[in-house]
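This report concerns only the one structure given below.
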Amino acid sequence: MNPEIAGLITTDGFKFYERVIGRVFGPACVYGQVIKTRRSDRVVKVERRTVIGAGRLKQALRSSENSERLNTSFVERMSLTIRQGSAYLGRPTICQARWKERLEDHIELFRCYYNFIRPHGALTFGREIRTPAMQAGLTETAWLAWVIPRKGTVHDCGIYLHHEQVREIRQQRLSNAGGCKCSVAN
C-alpha cells in the first residue's frame with residue numbers, strides 16, 4: 001500500500017478492531033476510533049482518538065470527501081442499510097441464516113443490488129440518477145435484476161474504492177478490450 005494514499009479507517013472502540021486493523025494494514029493506514037459514552041440510551045460524551053498514523057490524520061481528513069472529523073456515521077448507515085436489506089442480518093428472527101454459504105450468497109446478491117441496480121438519490125446529476133457502479137465508472141447504465149452475473153464473476157470492486165483505484169480501473173477498462181473490467185481479476 002502506498003502510504004501517501006493511505007486509507008482512513010474509523011470504527012467504534014471495540015478492542016478487537018484495533019488488533020485486526022493493525023495486523024492487516026499495519027502502518028499503511030490511518031486508523032481512528034470514535035468512542036461514545038452513553039447514559040440512559042443517550043450519548044453524553046464522544047471521544048475521538050487516533051490509533052495508527054496520528055501524524056497523517058489531518059491530511060487524511062482534509063482529503064476525505066465526507067468529513068473533517070473522525071466519525072462512524074457512514075459505516076453505521078451502511079450497516080443499517082444492509083440489516084434492513086437482509087432478513088438474515090436483522091435482529092434475531094426465524095429468518096436466521098442456517099448455512100454460511102447461503103448467507104454469503106445472500107450478501108453478494110444484496111451487494112450487487114446495492115451497487116449495480118439501485119439508483120442512489122445522492123448520485124443525482126441533472127435528470128440522471130446513478131448507481132454507485134455507474135459513478136465509479138464500472139458500468140454505463142443501471143443493471144436489471146436478471147442481468148446479475150453468476151457468483152464469482154463480479155469482484156469486490158463496487159462502491160468502497162479510493163478515488164485512485166477508480167482511476168486505475170478506468171485506465172484498465174480502456175486497455176482491456178474484453179474480459180473482466182476490474183483490477184481484482186487481472
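Computed from the coordinates by the stated procedures, all read-outs in this text should not be read as laboratory data. Because the structure is a prediction, the values reported are computed rather than measured. Every residue, glycine as well, gets a Cβ built from its backbone with ideal geometry; the counts of neighbours run over all protein chains shown.
Working note: Karplus 6.51/-1.76/1.60 with θ = phi - 60° gives region 117-124 the couplings 10, 6, x, 10, x, 6, 9, 8 Hz, where Gly and Pro are set to x. Built from the Cα atoms of region 16-122, the convex hull projects on average onto 9.8 nm², one quarter of its surface area.
Stretching S40 away from K58 to a fully extended chain increases their span by 3.1 nm, per 0.36 nm per residue minus the current alpha-carbon distance. Extending 7 Å from the Cα toward the beta-carbon at both R77 and I129 defines two label points whose distance is 1.6 nm. Per-residue 3J(HN,Hα) values for region 45-50, derived from phi via the Karplus relation 6.51 cos²θ - 1.76 cosθ + 1.60 with θ = phi - 60°, read 8, 10, 10, 10, 9, 8 Hz in sequence order (x marks Gly and Pro). For W143, nonlocal amide neighbours, meaning residues 5 or more places apart or on other chains whose placed amide H falls under 5 Å from its own, are I117. Would you please classify the overall shape of region 3-71 from the alpha carbon gyration tensor, given that a ≥ b ≥ c denote the square roots of the eigenvalues, rounded means a/c under 1.5, and beyond that prolate means a/b larger than b/c while oblate covers the rest? Verdict is oblate for region 3-71.
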